[in-house]
Amino acid sequence: MLKRKTWFKVLCTVLLCLTLLVTLGSGLFLEMDERNNWNDGFYTFAQSKLAGTWMEKRLGRLSSRVVDAICEGEPLNQITMSQGMGFRLENVSGEILADTTTDDFDFVSAVTLYLNTQYNRNSAAFSEESNLTPDSEGTARLTLKGYIRTPVRRGDAAYWIDRIYRLMGQRNYFVVALAVSGILSVILFLFLMSAAGHSEDVEGIDQRGWHRIPFDLLTACVGGLLILDYIAYDMLSTSSRVESTEVQIVIVIAAVVAAILLLLLLVTSLAVRVKAGNLLKGTFIYMFFSAVDKGLRGVPVLWKGLLLFLVTAGLNFFAGFRKDLLTGIIIAALDAVALIAIGVVGYQLGELKRAGQELAAGNLGYVVDTRPLTRGLKEHGENLNQVGLNIQSAVAEQLKSDRFKTELITNVSHDLRTPLTNIINYVDLLKKEPLDDPAAQEYIAVLERQSHKLKKLTDDLIDASKASSGVIELNTEPIDLSEFVSQICGEYQERFVAANLSLLQQNPPEPIIAMADGGQLSRVLENLLQNAIKYSLSGTRVYLSLSKDSNYAYLELKNISKDQLGISTEELKERFVRGDASRSTEGSGLGLSIAQSLTELMGGTLSIALDGDLFKVAVCLLLAPPVSFPEEPAV
């Protein structure tokens, strides 16, 4: 890529300097044209303001030579100016004391010289032959006039400035040059900023060289060099030894190019640091305050605030007493109030910091006393207390989850191992008995029963996984719960009788229409009824009732447990948890978990309540929206 090529970036830098020079020159010419109304026309270059300013600088350098010649009594006509230039020296009466011009010279501008007899009393300046007439204060005033030859010829000192003046009338050229060079300058500058920090031998951003210098220090150095550049330009351009216009133009261009390169160096370094993301960290001020902060890191917040306050208060106190005593006393009183406020806030911040350290150390029971804290810090302290409570709750939930996982592994291992062990044992017995023996047929029946139990457990595991993950497809539709529940209860009536239980169904007189999936709702009811058959006390009644309110339908099942329930209702809904801790009954412990997941998938809820040995489970479903039929038109 070109942005990694050093030679191409150097070429773009040179081109940028050239285009900026053209841009600045064109803009300067247009501004001078607008200010001096050159297009309105001067008759000659000698009559222009540009020539006047140019001549005054040369007359200023010539004046010292004229004064020296007068004081030394040397002939004034032997003093020469640059080619194509001349001067006249006149006294206050208009008498010409020296003249180096000819008829083809035009007047440009003049400067006034003053000679004082107090400092030149013994010189030849005020001799009777000098024609100098001092005033009452002993000062002689002279007028030094500058001329240039017209028309200006090649080789004259005013040749190039005359050519520039003539170019001023070509306004359209400068407008085009300003537009083209300005656009090229923007393009080149954007490319150099994009290429900044990219090099051929370094991957990523290259921060070698001056990019390692702290940016504020680099800025100060560039600023100092710019000042030196201006001082050097000013000294050279006003030096009496530099009279050639060509040399002065070269000095101006060199000064501008140097300033452009210095500014480009600074802006390029800025772009590199921004790309690297360390502009702030790469400053001397940041390094200084980072070192101070590191040194004060172990100092409490209160003492840091007091130290800062003492420095500020000392400066305020000193500044106040320098004005007057009353101002100093008022400032001292205000500082005292600020000291108290800083002490209070510092103490409160220290308490909050201590609370954070306690929480970080694992002391989750630590509580911040928020009563003495101010409003903003009090809210922060309450947040820290809430964080501690939330962490405690999260830890308790995690411990509970870990305990459930351990029990889950234990229960699954037991439920899988029991039928597998039976199958293995009875297969071993079958190997020892002839297949036509009645004992062998009994063994086969046991194998079949245990295989079905294992299959049932596997199916329950798959169903529980699908229900909890929500991948089961539902076909929710309005269902008459009274009719639906009556049908399911009829199918289970014989099994309740066989278990010596009485199933009593309590339905309201009006139908209850709920939104549910018929197949999944059937699975939920079957799981609840099977659970009641397994764990109800023999000879008791099982109640199944239906009810509704304005938005929901409720199905409630109640039975008396034959075993004491020593676990919570939340644990009963966990997977592989059974009502009998010995796990001697049939089943996998997944029934209630599957029923809850399926109910939630249908937009309902399943809740469990325990009242001693009374076990209650309630299913809540959304009621179906009422169906409205269009009225038949009257005949």
Spans of strands (runs of 3 or more DSSP E) in region 502-552 with at least 3 residues surrounded by 15 or more Cβ atoms within 10 Å (Cβ to Cβ): 513-516, 541-548
Test for ILE213: is it of a type in the set (Val, Ile, Thr) and either at pLDDT below 85 or more than 27 Å from the chain's Cα centre (by Cα) (or both): no
Odd one out for LEU349 among (1) among the hydrophobic types (A, V, I, L, M, F, W, C); (2) at pLDDT 75 or above; (3) buried (at least 18 other Cβ atoms within 10 Å of the Cβ): (2)
Test: residue in region 411-419 that is at pLDDT 75 or above, loosely packed, with under 12 Cβ neighbours inside 10 Å, of a type outside the set (Val, Ile, Thr) and assigned to a helix (DSSP H, G or I): no
Residues within region 377-410 that are modelled with pLDDT of 75 or more and loosely packed, with under 11 Cβ neighbours inside 10 Å, tallied: 5
Residue list for region 58-73, restricted to those being touching a helix residue (DSSP H, G or I) at 6+ places or on another chain (Cβ under 8 Å) and either on the phi > 0 side of the Ramachandran plot or open to solvent by 60 Å² or more (accessible area, probe 1.4 Å) (or both): GLU72, GLY73
Test: residue in region 133-147 that is closer than 30 Å to LEU21 by Cα and either modelled with pLDDT under 80 or open to solvent by less than 40 Å² (accessible area, probe 1.4 Å) (or both): no
Looking only at region 262-288, and only at residues there that are surrounded by fewer than 16 Cβ atoms within 10 Å (Cβ to Cβ) and either in a loop (DSSP other than H, G, I, E, B) or more than 25 Å from the chain's Cα centre (by Cα) (or both), the one that is modelled with the highest pLDDT: LEU263
In region 183-210, residue surrounded by the fewest Cβ atoms within 10 Å (Cβ to Cβ) [restricted to those that are under 16 Å from LEU263 (Cβ atoms) and either at pLDDT 85 or above or within 26 Å of the chain's Cα centre (by Cα) (or both)]: LEU190
Filter result (surrounded by 13 or more Cβ atoms within 10 Å (Cβ to Cβ), under 30 Å from ILE512 (Cα atoms) and modelled with pLDDT of 65 or more) within region 553-585: ALA553, TYR554, LEU555, GLU556, LEU557, LYS558, ASN559, ILE560, SER561, THR569, LEU572
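The values are calculated or read from the model by the stated rules, or taken from the named source; none is laboratory data. Worth saying up front: this structure is predicted, and the values here are computed from it rather than measured. Every residue, glycine among them, receives a Cβ derived from its backbone with ideal geometry; neighbour counts consider all protein chains shown. Surface accessibility is based on the protein's heavy atoms, side chains included, excluding ligands, DNA and RNA. Shrake-Rupley method; radii C 1.70, N 1.55, O 1.52, S 1.80 Å.
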